[in-house]
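Notes to accompany the following structure.
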Amino acid sequence: MATDIAEVAEMPPRVAAIGAAVVPLLAIAAFINYADRGNLATAAPLIKDQLRLSTTQIGVLVSAFFWSYVPAQLLSGWLVERINAYRTLTIGLALWSVATAASGLASGFVTLLVLRVLLGLGESATFPCIAKLLAQHLSPARFGAANGSIGVGMALGPALGTFLGGVLMAKIGWREVFVLFGVASLLWLIPWYGSTRRASTQSYRAAAGSVPALESIIRRRELWGASLGHFCGNYAFYFVISWLPLYLVKARGLSITTMAEVSGVVYVVYAISSFATGRLSDRWIRSGVDTNRVRKTFIISAHAIIAVSLLVAAIGNLTVSVVSLVCAGIAFGFNTPTLYSIGQTLAGSQVAAKWMGVQNCVGNLAGIVAPIITGLVVDVTGQYDWAFVIAACVAASGIIGWGFMIHRVEPLDWEPVRGLM
């Protein structure tokens with residue numbers, strides 16, 4: 001009984017300590033994040049023809065987002081420790097919303113390129129901020145459900161951007177849709193400010209506390225295992241999110257509207273799977289099953305299913321390909337809440353922002369290389385088959401990081417020194 005009381009006393013404050021609306025608002029922020037970044041892929045068939053761009057140029061535009069998004073993860077992790085996660089996320093969302101709206105006014109390749117870089121800079125704040133807030137206010141046994149909700153936002157963002165965005169683009173044009181989405185994104189700041197104003201002030205006053213140095217964080221083998229696994233899963237995910245619309249239209253002959261419907265189904269399935277996985281994994285842990293076993297079972301299964309699904313999609317007919325992509329969507333739902341839960345568990349509340357800054361930085365290098373490699377492969381071979389094979393092999397490689405480089409999924413001990421960054 002005494003042990004139980006001690007464990008309860010050591011547990012972090014629950015979501016109620018920061019307001020019941022915060023986790024839903026974080027899920028909506030993730031939704032907006034992916035809707036805004038995914039608009040370019042949906043508009044790619046129209047932009048490619050209207051601006052007379054090559055497939056490689058489209059790949060560069062998709063990749064350009066990550067040129068700033070990747071290194072700025074480290075900056076965001078540092079900024080969270082200086083001005084707190086609430087304020088950092090506010091600044092980031094405002095910047096990326098303006099960049100989204102301005103993309104609708106772009107006149108050519110160079111302008112779009114610059115705006116994609118600004119979009120990436122703003123969106124880099126999202127996941128270091130989410131990691132910090134969840135690790136600070138939730139116990140590890142509840143990370144799955146919270147991250148599952150975030151995963152729903154990540155999945156439905158592309159679903160809306162692809163389905164609704166694709167339908168609207170076919171009716172009113174891609175430029176108008178970019179402006180509409182950018183302006184609508186700014187409205188999120190109203191409930192966010194209202195729900196977190198007091199907590200943000202309190203968090204800012206407490207931000208001066210000591211945190212381990214970045215140097216001590218990057219020496220951990222577990223960080224690089226999580227980063228490798230994150231990269232491999234992201235390569236497959238960004239391959240799908242970046243190229244699925246163009247693939248379905250150009251390689252499979254679907255109309256823009258039908259493409260939007262098929263892509264939307266993939267993302268909706270991903271959302272449902274993410275929501276269910278988060279809650280099921282937490283329930284499994286609370287029933288007494290070891291956290292390490294639960295998290296690794298879901299993450300390794302996810303990579304295996306994604307790899308097989310992409311290989312089958314490459315060789316099958318249209319029906320088989322679509323079914324395989326839906327299966328990949330289910331596996332993405334296994335992956336998303338689990339990979340963030342693992343990172344937050346290993347890092348703990350002290351270093352969650354910095355840890356996720358590094359992990360997301362490495363993981364999202366896939367966003368730079370996957371679109372460019374795919375574009376080059378398609379331009380050289382004239383088909384998407386080898387691009388699917390490459391994505392499948394990379395996804396399978398993620399098992400090395402999660403399964404072998406991370407010995408156990410459990411909180412790590414950190415040096416009690418003040419951070420250097």
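The values are calculated or read from the model by the stated rules, or taken from the named source; none is laboratory data. Bear in mind the structure is a predicted one, so any value in this text is a computation, not a measurement. All Cβ positions, even for glycine, are placed from backbone atoms using ideal geometry, and neighbour counts span all protein chains on display.
Worth a mention:
- Filter result (in contact with a Leu (Cβ under 8 Å, 6 or more places away or on another chain) and farther than 16 Å from Ala314 by Cβ) within the stretch 246-255: Leu254
- Only listed residue being over 30 Å from Ala135 (Cα atoms) and not aromatic (Phe, Trp, Tyr), chosen from Leu105, Leu79, Leu95, Leu75: Leu105
- Residue check, Ser341 of a type outside the set (A, V, I, L, M) and either surrounded by fewer than 22 Cβ atoms within 10 Å (Cβ to Cβ) or in a loop (DSSP other than H, G, I, E, B) (or both): no
- Just one of the listed residues (Ser103, Ser139, Ser68) is under 24 Å from Ala170 (Cβ atoms) and either surrounded by fewer than 24 Cβ atoms within 10 Å (Cβ to Cβ) or modelled with pLDDT of 90 or more (or both), namely Ser103.
- Members of the stretch 94-111 that are assigned to a helix (DSSP H, G or I), in contact (Cβ under 8 Å) with a residue 60 or more places away in the chain and of a type outside the set (Ser, Thr, Tyr): Ala94, Trp96, Val98, Ala99, Ala101, Ala102
- The residues listed here are Val380, Val389; of these, the one that is without any contact (Cβ under 8 Å) to a residue 60 or more places away in the chain, among the hydrophobic types (A, V, I, L, M, F, W, C) and surrounded by fewer than 18 Cβ atoms within 10 Å (Cβ to Cβ) is Val380.
- Residue check for Lys250: out of contact with any Asp or Glu (no Cβ under 7 Å at 6 or more places or on another chain), basic (Lys, Arg) and surrounded by 19 or more Cβ atoms within 10 Å (Cβ to Cβ): no
- Tally of residues being more than 21 Å from Leu164 (Cβ to Cβ) and within 19 Å of the chain's Cα centre (by Cα) across the stretch 26-58: 1
- Residue within the stretch 151-160 that is modelled with pLDDT of 90 or more, among the hydrophobic types (A, V, I, L, M, F, W, C) and under 22 Å from the mean Cα position of the chain (by Cα) present: yes
- Selection of the stretch 35-57 for residues being in contact with a Pro (Cβ under 8 Å, 6 or more places away or on another chain) and crowded, with 23+ Cβ neighbours inside 10 Å yields Ala35, Gly38, Ala41, Thr42, Ala44.
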